[in-house]
Amino acid sequence: MTQGFDLVESLRRGVEGHRSAAWTFIQNFAAHWVGGVVENGDGWTADDLIAAEERLGLRLPAALREAYLLFGRREDLTSNHDVLLSPAELYVDEAKEALVFRHENQGVASWGLLLDNLEEDDPAVFIRLDLADKSAERWEEWLDRLSLCFVEIVLSESLQADEELCDFLDPDDESIELLETNSVRLPFPTYPIGEETRWFLAQDVLLRDDAGAAILARGRTAKDLDRVRELIPGNWLNA
């Protein structure tokens, strides 16, 4: 628990509850971990979203509207590495299958909402990988709710911030064992694509294990990050 914010329990509610609980988690996480409270002006305006809908000729789902209105302009929450598109940048893919709202930073993947699902308030999110064989590209399931995807976005982007607070470790078996011993596993669903990615909390440090290939860490403070480097020794990139 950090100054009244219980990250584990708040995340559990955000993952398991109504999408409003996801927005509450993001607001609390922003206030206690990332750049301060979400304020008026951190989101796009209703006029921005109406203009996007008129340009696209479709209605944006409630969850997308709510996220954009609340924190859509907070790049420290959404776009340190990958990019959340602005309302003016939203587009429908060439195959007319999905509304694209996010790009991987080197263009190797896009995230979107199937057009057939746009009438749902909180539709599932799909991912499409940029492949050498274009005929093999297809939209595949990512996470079953857009609000859950935004929780994942905020957590993942927090790992890609200032080097003073973030670090990267190429782990070995001992590193993974120390991570599991000294951390609490966070209640985040399994990703349907790729190897298992797991989230942990070690005191006031958020950690992500990318299937044993990498450990990414974000400390609430630089001192918190230093403590985890001591708990999990190794060749940390920014140490």
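Note on segment 162-239: enclosed strands (runs of 3 or more DSSP E) holding 1 or more residues that are under 24 Å from residue 127 (Cα atoms) and modelled with pLDDT of 95 or more are 197-202, 205-210, 215-219.
Restricted to segment 73-155, the set of strands (runs of 3 or more DSSP E) holding at least 2 residues that are touching a residue at least 24 places away in the same chain (Cβ under 8 Å) and closer than 25 Å to residue 50 by Cα comprises 98-103, 109-114, 125-129.
For segment 5-38, which positions are among the small types (Gly, Ala, Ser) and touching a residue at least 12 places away in the same chain (Cβ under 8 Å)? Of everything in segment 5-38, those that are among the small types (Gly, Ala, Ser) and touching a residue at least 12 places away in the same chain (Cβ under 8 Å) turn out to be 10, 14, 22, 30, 31, 35. Counting only residues that are surrounded by 15 or more Cβ atoms within 10 Å (Cβ to Cβ) and either over 25 Å from residue 13 (Cα atoms) or in contact with a Phe, Trp or Tyr (Cβ under 8 Å, 6 or more places away or on another chain) (or both), segment 130-149 holds 6 of them. Go through the residues of segment 142-163 one by one and say whether even a single one is hydroxyl-bearing (Ser, Thr, Tyr) and touching a helix residue (DSSP H, G or I) at 6+ places or on another chain (Cβ under 7 Å). There is at least one residue in segment 142-163 that is hydroxyl-bearing (Ser, Thr, Tyr) and touching a helix residue (DSSP H, G or I) at 6+ places or on another chain (Cβ under 7 Å).
Checking each residue in segment 198-227 for being surrounded by fewer than 18 Cβ atoms within 10 Å (Cβ to Cβ) and of a type outside the set (Gly, Ala, Ser) picks out 201, 203, 210, 221, 223, 226, 227.
Here residue 24 meets the list (1) more than 14 Å from the chain's Cα centre (by Cα); (2) under 23 Å from residue 141 (Cα atoms) almost entirely, failing just condition (2). Test residue 57 against the stated conditions and say whether it is over 15 Å from the mean Cα position of the chain (by Cα), on the phi > 0 side of the Ramachandran plot, surrounded by fewer than 15 Cβ atoms within 10 Å (Cβ to Cβ) and not assigned by TED's automatic domain parsing to the domain that holds residue 222. Yes; evaluated as a whole, the condition is true for this residue.
Tallying residues that are out of contact with any strand residue (DSSP E or B) (no Cβ under 7 Å at 6 or more places or on another chain) and of a type outside the set (A, V, I, L, M, F, W, C) within segment 106-150 yields 14. Quick check: is even one residue across segment 154-163 of a type in the set (Val, Ile, Thr), over 13 Å from the mean Cα position of the chain (by Cα) and over 20 Å from residue 59 (Cα atoms)? No, the conditions are met nowhere in segment 154-163. Of the set (1) more than 26 Å from residue 5 (Cβ to Cβ); (2) surrounded by 19 or more Cβ atoms within 10 Å (Cβ to Cβ); (3) not acidic (Asp, Glu), all apply to residue 176 but (2).
The values are calculated or read from the model by the stated rules, or taken from the named source; none is laboratory data. Predicted model only: the values in this text are computed from it and were never measured. Quick reminder, even Gly has a Cβ in these numbers, built from the backbone with ideal geometry, and neighbours come from all protein chains shown.
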